[in-house]
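Asks: Below: one structure in structure tokens.
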Amino acid sequence: MRSDAERTEARARSRSAAQAEAQSANIPVVMIRPDLSNIPQFPLPEGFTWRYFRDGDEDLWVSIEAEVADFSGEEAARERFAWEHRPFRRELERRCLFLMAPGGRCAGTIMAWYNTPRTGGYCGRIHWVALRTEFQGRRLAKPLMTLAMNRMAELHGGAYLTTQTRSLRAIKVYLDFGFEPIIVRNTCHRAWRLAAEALDVPALQDYRTDDG
């Protein structure tokens, strides 16, 4: 039988290996929150404000997403925006939020969007969550999520989102906001095993395959 120290060391090695594998594999996953009551409330830091999408903000959205999302550049981000969102201007004005830093610089963006997910049914979708690089690591992700989730609760009864195993810190935030894993394809089993071992949080305990 292994000692407590040996078990702790083995778990640390397993977590480190899982983090590396999760980053490398980058498996797409889906998470759901069937009920939008009791949303965690994280206030904005002093001096930060927010606003909805307005005239001219396509360029702003493109610049943020091109900086931090998986786009080859601003042209690719603009093409995606044009295809997915430009036809729905009225929805953008009530679903796309921007986080504004003191002094007026935009720190990030998020959408309380909507879709018919593979899980079936019409529901809200947390979409295009992005913080500029200079604002990452400043505990802004949870206040940004609170803004979008509060808006989502006004529009929908449930929500889902898509992400990938490379985004382990984002997955942890989504778990803290009550989102749960859902298996939509065979690769999800491996994805959530890796996330469970990499994050080592109670919410994913059932997906672990080690001896804990």
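Each reported figure results from applying straightforward, stated rules to the coordinates on display, with no laboratory input. Just so it is clear, the structure is predicted and the values come from calculations on it, not from any experiment. Cβ coordinates were reconstructed from backbone atoms using ideal geometry, including for glycine residues, and neighbour counts include every protein chain displayed.
Asks: Given H placed on each backbone N at 1.01 Å, which residues far from R125 in sequence or on other chains put an amide H within less than 5 Å of it?
Replies: Here the answer is W113, Y114, N115, Y160, since their amide H atoms fall under 5 Å of that of R125.
Asks: Separate question: What does the helix-only formula give at 222 nm for the chain: each DSSP H stretch with n ≥ 4 adding -39500 (n - 2.57), the total divided by the residues, and the result rounded to the nearest 500 deg cm²/dmol? Intermediate values should be presented prior to the final figure.
Replies: Numbers: 7 runs with 89 residues, N = 212.
Taking each H run of at least 4 residues, the total per residue is -13000 deg cm²/dmol.
Asks: Taking N as the number of residues in the stretch 68-179, what value does Rg over Cα atoms divided by 2.2 N^0.38 Å take?
Replies: Working it through for the stretch 68-179, the quotient is 1.06.
Asks: If each residue's Cβ is checked for other Cβ atoms within 10 Å, how do T165, T49 rank with the fewest at the top? Please report the intermediate quantities before stating the final value.
Replies: On the way: T165 26, T49 11.
Ascending Cβ contact count within 10 Å gives the list T49, T165.
Asks: What's the extension gain from S16 to E93 if we count 0.36 nm per residue and subtract their Cα-Cα distance?
Replies: Numbers: separation 77, 0.36 × 77 = 27.72 nm, distance 4.21 nm.
So the extension gain works out to 23.5 nm.
Asks: Quantify how much of the Cα-Cα distance distribution of the chain extends past 31 Å, in percent.
Replies: On the way: 5147 of 22366 pairs.
Considering the chain, 23 percent of its Cα-Cα pairs are separated by more than 31 Å.
Asks: Let me ask you something else. Read phi for every residue in the stretch 4-10 and hand back ³J(HN,Hα) as whole Hz from Karplus 6.51 cos²θ - 1.76 cosθ + 1.60, θ = phi - 60°, with x for Gly and Pro.
Replies: Going residue by residue, I get 4, 5, 5, 5, 5, 5, 5 Hz, with x marking Gly and Pro.
Asks: Here's a follow-up. For A107, enumerate residues with amide H under 5 Å from its amide H, sequence gap 5+ or separate chain, H modeled in the peptide plane.
Replies: L99, M100, A101
Asks: Still on this model: Based on the Cβ-Cβ distance from I182 to Q41, what FRET efficiency comes out when R0 is 25 Å, to the nearest 0.05?
Replies: On the way: r = 25 Å, r/R0 = 1.00.
E(calc), rounded to 0.05, equals 0.50.
Asks: If r is the Cβ-Cβ distance from N26 to E154 and R0 is 35 Å, what FRET efficiency results, to the nearest 0.05? All intermediate terms of the calculation are to be shown ahead of the outcome.
Replies: On the way: r = 33 Å, r/R0 = 0.95.
After rounding, the FRET efficiency stands at 0.60.
Asks: Give me the number: length gained by fully extending R51 to K142, i.e. 0.36 nm times residue separation minus the C-alpha to C-alpha distance, one decimal in nm.
Replies: Details: separation 91, 0.36 × 91 = 32.76 nm, distance 1.65 nm.
So the extension gain works out to 31.1 nm.
Asks: For the chain, with a Gaussian network of springs between Cα atoms less than 10 Å apart, report the residue from P181, P143, P87 with the top mean-square fluctuation.
Replies: Judging by the Gaussian network model, the answer is P87.
Asks: Most exposed first by the Cβ proxy, i.e. fewest other Cβ within 10 Å, how do R86, R33 rank?
Replies: On the way: R86 12, R33 22.
Fewest-to-most Cβ neighbours within 10 Å comes out as R86, R33.
Asks: Cα centroid distance between the stretch 176-194 and the stretch 51-113, in Å?
Replies: So the two Cα centres are separated by 27 Å.
Asks: Just to be sure I understand the model, the point goes 7 Å from the Cα along the line to the Cβ. What's the resulting D59 to W83 distance in nm?
Replies: 2.4 nm
Asks: For helix 187-199, what angle does its Cα long axis make with the longest principal axis of the chain, in degrees from 0 to 90 and rounded to 10?
Replies: The angle comes out near 80 degrees.
Asks: Considering the chain as a Gaussian network with a 10 Å cut-off on Cα pairs, which listed residue, F48, F179, F88, attains the greatest mean-square fluctuation?
Replies: In this elastic network of the chain, the residue with the biggest mean-square fluctuation among F48, F179, F88 is F88.
Asks: While we're looking at this one, here's another question. Using every Cα-Cα pair within the stretch 124-171, state what percent have a distance larger than 16 Å.
Replies: Details: 503 of 1128 pairs.
Percent of Cα pairs beyond 16 Å in the stretch 124-171: 45.
Asks: Okay, moving on. Which cross-chain or sequence-distant (5 or more) residues have an amide H under 5 Å from the amide H of F179, H modelled 1.01 Å from N in plane?
Replies: Amide H neighbours of F179, under 5 Å, 5+ apart: none.
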